[in-house]
1. Between residue 1 and residue 65, what length in nm is gained on full extension when 0.36 nm per residue of separation is reduced by their alpha carbon distance?
2. Please report the net charge: other residues with Cβ closer than 12 Å to the Cβ of residue 85, K and R +1, D and E -1.
3. State the extension gain, in nm to one decimal, for the chain segment bounded by residue 51 and residue 77, taking 0.36 nm per residue of separation less the distance between their alpha-carbons.
4. Using θ = phi - 60° and the Karplus curve 6.51 cos²θ - 1.76 cosθ + 1.60, what whole-Hz ³J(HN,Hα) does each residue of region 15-22 get, with Gly and Pro shown as x?
5. Please list log₁₀ I(q)/I(0) at q = 0.17, 0.18 Å⁻¹ for the chain, using the Debye equation with identical point scatterers on the alpha-carbon positions.
6. Placing +1 at every Lys and Arg Cβ and -1 at every Asp and Glu Cβ, with all other atoms neutral, what dipole size does the chain have around its Cα centre, in debye to the nearest 20?
7. Reachable aspartates and glutamates from residue 13, Cα under 16 Å, same-chain residues fewer than 8 places away excluded?
8. To test your reading of the geometry: what angle, between 0 and 90 degrees and rounded to tens, separates the Cα axis of helix 63-78 from the longest principal axis of the chain?
Amino acid sequence: MQFVILYTDGVEKTGAYHVFHVKDTASKVTEERMKGTWYPFDVKGSYFFFRFDEEVTLGKLDIVELLKTLKDKHRIEDGSSMQGEPLFVSANEVLPFRTGF
């Protein structure tokens, strides 16, 4: 089972996020089609679209610290981190950032 955590710019101030169960991964979307979607970042290459089911809760998360940790890990492992880039993590890696229900 896969989940996605979505947040917006300003999460550092608001702490707002939403968690959804991933229904499935749709087929790859071409760069040309992505450019036609008004995606807010510079489009380079193909993308995958995810379809979501219902919103779920993982309890309360320290989303700011979770994101900082993931971005730092990504920079160390991959040598870079770009705005808007997806960050992948296992459930076990998220659990230490739960602050309650």
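Just so you know, all these numbers are worked out from the coordinates, no wet-lab data involved. Nothing here was measured: the structure is a model prediction, and the numbers come from that model. Here Cβ is always computed from backbone atoms with ideal geometry, including for glycine, and neighbour counts include all displayed protein chains.
1. Values: separation 64, 0.36 × 64 = 23.04 nm, distance 2.38 nm.
Using 0.36 nm per residue and subtracting the Cα-Cα distance, I get 20.7 nm.
2. Working: positive: 44, 71, 75; negative: 42, 78.
Neighbourhood net charge equals +1.
3. Details: separation 26, 0.36 × 26 = 9.36 nm, distance 2.79 nm.
Result for the pair: 6.6 nm of gain on full extension.
4. Per-residue couplings from phi come out as x, 7, 7, 9, 10, 10, 6, 7 Hz.
5. Taking Cα atoms of the chain as identical point scatterers yields -0.95, -1.06.
6. On the way: 13 positive and 16 negative charges, 12 e Å.
Rounded to the nearest 20 debye, it is 60 debye.
7. Counting by Cα, and skipping residues close in sequence, residue 13 has these aspartates and glutamates nearby: 62, 65.
8. Between the helix axis and the principal axis of the chain, the angle is about 60 degrees.
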